[in-house]
Amino acid sequence: MKTTCKELISDQNDMPLLMMWIDGYLSAESDNTVISDEWTKKLGEHMGEFCAKNPDKTIREAIDALPSE
């Protein structure tokens, strides 16, 4: 089963843990293990906005929609 955006934003207790997992996943893909406040804020804002507009999309689709820098 794939986690949907609706599940991410509806589970306020586990959201910080899921966001940490997403950051770790992206760090492994990019080989960038530096965590910055700016990045954490950007990731959180993107996931929140994307998932609010696209509740039936998967977390992977939300990650893939991250704007490149």
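The values are calculated or read from the model by the stated rules, or taken from the named source; none is laboratory data. What you see is a predicted model, and the numbers here were worked out from it, not measured in a lab. Cβ atoms come from the backbone with ideal geometry, glycine included; neighbour counts cover every protein chain shown.
Can we say P55 is of a type outside the set (S, T, Y) and without any contact (Cβ under 8 Å) to a residue 40 or more places away in the chain?
no
Tell me which residues, restricted to segment 27-55, are aliphatic (A, V, I, L, M) and either in contact with a strand residue (DSSP E or B) (Cβ under 7 Å, 6 or more places away or on another chain) or at pLDDT 85 or above (or both). Write out each step before concluding.
Narrowing segment 27-55 to residues aliphatic (A, V, I, L, M): 28, 34-35, 43, 47, 52.
Of everything in segment 27-55, those that are aliphatic (A, V, I, L, M) and either in contact with a strand residue (DSSP E or B) (Cβ under 7 Å, 6 or more places away or on another chain) or at pLDDT 85 or above (or both) turn out to be L43, M47, A52.
Could you tell me whether S68 is in a loop (DSSP other than H, G, I, E, B), over 10 Å from the mean Cα position of the chain (by Cα) and of a type in the set (S, T, Y)?
Yes: the conditions hold for S68.
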